[in-house]
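Here is the structure we will look at, set down as structure tokens.
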There are 2 protein chains.
Amino acid sequence: MAATMASLFLKTPTPYPSFPKTQKSLFTPSVNFPVPARKSSRTRAGTRISCGLIDPDGGKLVELFVEESQKDFKRGQALSLPSIRLSKIDLQWVHVLSEGWASPLKGFMRESEFLQTLHFNSLRLGDGSVVNMSVPIVLAVDDSQKQRIGSASSVALLDDRNNPIAILKDIEIYKHNKEERIARTWGTTAPGLPYVEETIKNAGNWLIGGDLEVIEPVKYYDGLDRFRLSPAELREEFTRRNADAVFAFQLRNPVHNGHALLMTDTRRRLLEMGYKNPVLLLHPLGGYTKADDVPLSWRMKQHEKVLEDGVLDPETTVVSIFPSPMHYAGPTEVQWHAKARINAGANFYIVGRDPAGMSHPLEKRDLYDADHGKKVLSMAPGLERLNILPFKVAAYDKTQSKMAFFDPSRAQDFLFISGTKVHCCG
Amino acid sequence: MAATMASLFLKTPTPYPSFPKTQKSLFTPSVNFPVPARKSSRTRAGTRISCGLIDPDGGKLVELFVEESQKDFKRGQALSLPSIRLSKIDLQWVHVLSEGWASPLKGFMRESEFLQTLHFNSLRLGDGSVVNMSVPIVLAVDDSQKQRIGSASSVALLDDRNNPIAILKDIEIYKHNKEERIARTWGTTAPGLPYVEETIKNAGNWLIGGDLEVIEPVKYYDGLDRFRLSPAELREEFTRRNADAVFAFQLRNPVHNGHALLMTDTRRRLLEMGYKNPVLLLHPLGGYTKADDVPLSWRMKQHEKVLEDGVLDPETTVVSIFPSPMHYAGPTEVQWHAKARINAGANFYIVGRDPAGMSHPLEKRDLYDADHGKKVLSMAPGLERLNILPFKVAAYDKTQSKMAFFDPSRAQDFLFISGTKVHCCG
């Protein structure tokens, strides 16, 4: 499987240095659909050329890895520091932060970032500009850990075998008001929210923020690490393919024909708009998901099958894994999903019905209004540069005996895949 | 009482047309303290001159009153429309909206404004600029009212004697997810939040937004209406007094000597900064408050006494009533309190410990962290133009036998007025 999928982002045309500049038109006038000004080619610090791709939030992709030559020194330093052993989900966040998905964040949030996230879903930077940041990326410690840290200014972060994987420096410890965090992130405090049960309910009463220095890149050794491309690697790949538009589609479920139709159709429409080489980032979420979601390994196998069958074109598709854990926080979380893809070079984001949604844990209804995700995304501060593509629902058209975009004027002609609605992405 | 207090804003020096332009310096470097660019004098549409005062949000103060010549016509029109009878608190919001405290809002929120308020505490305007808006200003209707409204595009709003006081036009009806509204506004869903119990718990399952045309200015006939100056009237008064800085202080409790010291000291510091005539807007909240707060009429009597005693200078003090109801939503609500004062011409806002806070309704603790209000205010989108003045806590200094600013290095010398802390404003 790995070889087949890897080929998806290796078999590419030779890149050439200039990009066509065409007048773009809108194809979904009903939603916020700004066409970003195209940047001219420029070379970033380092060897990567990001010509034409959307700029990362804050202007520069943050990578938090320690230089190779410094690793031994940092490992030694870590041994002398008070330490925090990370949970599996904490480690996923270290992964996310280390590669710059949350650029310009440089580590777990300090209180000022936490408060801005909770209240405004965005961060104001030193220059007055605003970036989106809708879910708290925080590390909890309990009373005894706090006491052990004392007045230290740095702590070591350990994996489950007590190996130091990072140093968190210039730390700030502040109160973890769990009730307020949950209420403002999920819009409910009902017991049974998966991420809350898994990571917050029994977490410590303090949060510790600071700047991360990552000694060991986070790996999972599950046969899928090669698909975990960082934002920098994805940007490199898009540049190598000479993409002039990148449209991202997040999945946490198997691809079905409705999705495939949507993705193919999106490329067609981007070509009609004047883009010469729109590339799809098919980007399944790889971090924590709730128990009844389809496991990542199954989903990757299924994605492979769909691609082998030629439903999607390998030349214009990059399959990669997004390392973030799921919050299931609906309109709040979909902003995070979109923002992270900007950092990976995507300037179009496909948003579906009820993204990052789930059933209310207590009541017989969906937790979020199915349209709020799309609406909130289109209004979110810091996402103005991103083109939001609302998902058109695809269903089986009995009159044509194939998948087609649902036409509400002849609803009776369509069969939906699972009951009465397609609830498929995010 | 009324005559005495009225004199506070009638006995003023003759205004003169030009304002001193001085370099302002910061006196609280620890918080966000931008010094706004001073606008040159200009005449607004209409006869009022707002030279020197901070611009209202959106650039123009919104007033939603029907022209005198149109009133009869509008009253007649209202009789032909489906109607909604307003609660006391709904009526207070009509008052707030009608005078432009919530500028640029033109009526009860439509869904797009509601969602932006809940998620971002701010609204993005057509020109891309952002104004603060942290509490939902919404009108709920129940299923039968919704059915009665049917496909009408306007409704009449009636007072408790069924007099039409306004028309809401170009209406939009959308779902009222009470749980989500409460969680995102208060950061808790604990039962017992006063505003929730009073107005949300038993409210309808729908919200109705639209543009307001106010036929009858809202009056209370409680002997205090003359103190209810609109933002336009306050701006006129500040201009007449030739204020070059307006500092607002909101109270929902009696003034004590600690407050008085703070207000006097603030003026002194503004003078030191180079302002020539800083004017205090002493602005008690006049809308709904919880049962155990001191009633407005008592507070106004008490304010009068403090002023008669000469503790505050009538020449540089304007006492007026802020018509908004209280949410007791802490850091979320204090933004509303500050934003509304921008619209009334204030460019400085004094913020205290735990503004708009209260005890947690179920747990033995304050609902909000005492410092979060000040912090959130200093970071809030749309409030960058406002200078936030953190309240310095005043207490009784036993060594001097008088009220003085609390010095934590000799905490034992101070007596606090109520137990261990001063919890006094907002």
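The values are calculated or read from the model by the stated rules, or taken from the named source; none is laboratory data. Keep in mind that what you see is a predicted model, and the values were worked out from it rather than measured. Cβ: placed from backbone, ideal geometry, glycine included. Neighbour counts: every protein chain shown. Ligands, DNA and RNA are excluded from the accessible area calculation, which covers all protein heavy atoms including side chains. Shrake-Rupley method; radii C 1.70, N 1.55, O 1.52, S 1.80 Å.
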- So, in nm, how far is label A:Ala291 from label B:Ser87 when the simple model puts each one 7 Å beyond its Cα toward the Cβ? 4.1 nm
- What share of the DSSP beta bridges in region B:85-185 is antiparallel, in percent to the nearest 5? 90 percent
- Each residue of B:220-233 has, on average, a number of other protein chain C-beta atoms within 10 Å of its C-beta equal to 0
- Message: Run the Debye formula on the Cα coordinates of region B:196-344, all scatterers equal and no solvent, and tell me log10 I(q)/I(0) at q = 0.18 1/Å.
- Response: -1.22
- Item | Using θ = phi - 60° and Karplus 6.51 cos²θ - 1.76 cosθ + 1.60, couplings along region A:114-129 (whole Hz; Gly, Pro as x) | 4, 5, 5, 5, 5, 8, 10, 6, 7, 10, 8, 8, x, 8, x, 6
- Message: Need one value for A:114-126: mean number of C-beta atoms belonging to other chains within 10 Å of its residues' C-beta atoms.
- Response: 5
- Task: Please sort A:237-248, B:141-152 by packing, taking for each peptide the average over its residues of neighbouring beta carbons within 10 angstrom, highest first.
- Result: A:237-248, B:141-152
- Task: Divide the volume of the convex hull of the Cα atoms of region A:86-163 by its number of residues and quote the answer in cubic angstrom per residue.
- Result: 115 Å³
- For the peptides A:165-177, A:335-347, what is the packing order when you average, over each peptide's residues, the other Cβ atoms within 10 Å and list the highest mean first? A:335-347, A:165-177
- Item | region A:67-122: radius of gyration over Cα atoms, expressed as a fraction of 2.2 N^0.38 Å | 1.39
- Item | Cα-projected label distance for A:Arg240 with A:Asp170, points at 7 Å along beta-carbon direction, nm | 3.5 nm
- Note on the structure: For the pair A:Leu125 and B:Ser129, the simple spin-label estimate (label points 7 Å beyond Cα toward Cβ) gives in nm 2.3 nm
- Item | Kirkwood Rh (inverse of mean 1/r, distinct Cα pairs), region A:125-264, angstrom | 19.2 Å
- Task: Output the peptides B:286-299, A:200-213 sorted from most to least packed, where packing is the average of other Cβ atoms within 10 Å over each peptide's residues.
- Result: A:200-213, B:286-299
- Task: Report the full-extension gain for the segment B:Asp222 to B:Ser144: residue separation times 0.36 nm, less the Cα-Cα distance, to one decimal in nm.
- Result: 24.7 nm
- Task: For region A:280-324 and region B:173-220, write down the distance between their C-alpha centroids in whole Å.
- Result: 42 Å
- Query: For q = 0.15, 0.16, 0.18, 0.21 Å⁻¹, what log10 I(q)/I(0) does region B:264-392 give under the Debye formula with an equal point scatterer on each alpha carbon and no solvent?
  - Reply: -0.81, -0.92, -1.15, -1.43
- Task: Taking a cut-off of 20 Å between Cα atoms, list the lysines near B:Lys276, but don't count ones fewer than 8 places away on the same chain.
- Result: B:Lys11, B:Lys21, B:Lys24, B:Lys39
- Query: Which lysines have a Cα lying under 20 Å from the Cα of B:Lys398, excluding residues fewer than 8 positions away in the same chain?
  - Reply: B:Lys421
- Just list whichever of A:Lys375/B:Lys339; A:Lys175/A:Lys364; A:Lys375/B:Lys178; A:Lys339/B:Lys375 have alpha carbons separated by over 22 Å in the model shown. A:Lys375/B:Lys339; A:Lys175/A:Lys364; A:Lys339/B:Lys375
- Expressed as a whole-number percentage, the relative contact order of region B:198-326 with C-alpha contacts under 8 angstrom and at least six residues apart is 29 percent
- Message: Using only protein heavy atoms and a 1.4 Å probe, how much accessible area in total is buried between B and A, to the nearest 100 Å²?
- Response: 3000 Å²
- From other protein chains only, count the Cβ atoms within 10 Å of every residue's Cβ in B:175-181, then give the mean. 4
- Over region B:346-414, what relative contact order in percent results from Cα pairs under 8 Å that are six or more residues apart? 29 percent
- Item | Residues losing 50 Å² or more accessible surface upon assembly, region A:364-400, compared with the chain by itself, 1.4 Å | A:His372, A:Met379
- Percent RCO, i.e. relative contact order, over region A:170-228, from Cα pairs under 8 Å lying at least 6 residues apart: 47 percent
